[in-house]
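Single-structure report; data block below.
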Amino acid sequence: QFCGRHSTKGDMFALGLIYTEMHLPITEKDRQEIFDNYRRGVPNDLRIEDARAMELITRLTKVNFEERPTCRDVLKYLKRPEIQNRQKFRSKFADDFITLKVIGRGTFGCVFLVKNSTDEGTYALKRIAFTHSSTENEVNKKLQEVR
């Protein structure tokens with residue numbers, strides 16, 4: 001379980017940091033601040049729309065290593081039917097664009113400098129996340145933001 005300062009629970013913390021990066025487009029400066037906060041046990045105000053991803057990140061990055069899940073716990077979590085069904089979703093953003101950098105953040109999402117894979121053009125693209133639990137009012141506010 002332990003080898004010097006290394007442990008499988010330490011690996012879970014590192015996995016939480018990686019999982020955070022996968023769900024949150026961040027600059028190097030933001031990344032450093034977020035990771036330092038996690039290491040000190042300071043909560044981060046992350047705007048990750050996917051509640052399940054946020055739940056897993058929170059569990060993986062617990063300061064007290066005894067509260068972190070084991071590898072088996074994480075695999076069991078990822079095998080839950082609602083998680084497996086969600087993974088079938090394809091993102092047009094991920095399929096059609098290469099993210100060059102984050103150029104802004106707002107209440108509902110981020111603005112990216114992207115390169116279109118099809119026409120090779122460079123664009124500013126606002127990405128706003130919608131969830132199945134979004135109310136009609138939330139959806140309307142987000143659509144108004146895009147217009």
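A few comments on the model shown:
- If you go through segment 100-111 and keep only what is more than 15 Å from the chain's Cα centre (by Cα) and in a strand (DSSP E or B), you end up with Leu100, Lys101, Ile103, Gly104, Val111.
- In segment 1-18, residue farthest from Ile103 (Cα to Cα) [restricted to those that are open to solvent by less than 40 Å² (accessible area, probe 1.4 Å) and modelled with pLDDT of 80 or more]: Met12
Results for (1) modelled with pLDDT under 80; (2) assigned to a loop (DSSP other than H, G, I, E, B), shown as yes or no for each residue.
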position	(1), (2)
Asp45	yes, yes
Asp73	no, no
Phe89	yes, yes
Val139	yes, no
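- Boolean, Ile103 is β-branched (Val, Ile, Thr), closer than 27 Å to Lys141 by Cα and at pLDDT below 85: no
- Taking first residues from segment 23-41 that are part of a helix (DSSP H, G or I) and partners that are among the hydroxyl-bearing types (Ser, Thr, Tyr), the Cβ contacts under 6 Å between residues at least 6 apart in sequence or on separate chains come to Tyr38/Thr61.
The values are calculated or read from the model by the stated rules, or taken from the named source; none is laboratory data. Keep in mind that what you see is a predicted model, and the values were worked out from it rather than measured. Please note: Cβ atoms are built from the backbone with ideal geometry, for glycine as well, and neighbour counts cover all protein chains shown. For the accessible areas, the whole protein counts, side chains as well, though only heavy atoms, and no ligand, DNA or RNA atoms are used. Shrake-Rupley method; radii C 1.70, N 1.55, O 1.52, S 1.80 Å.
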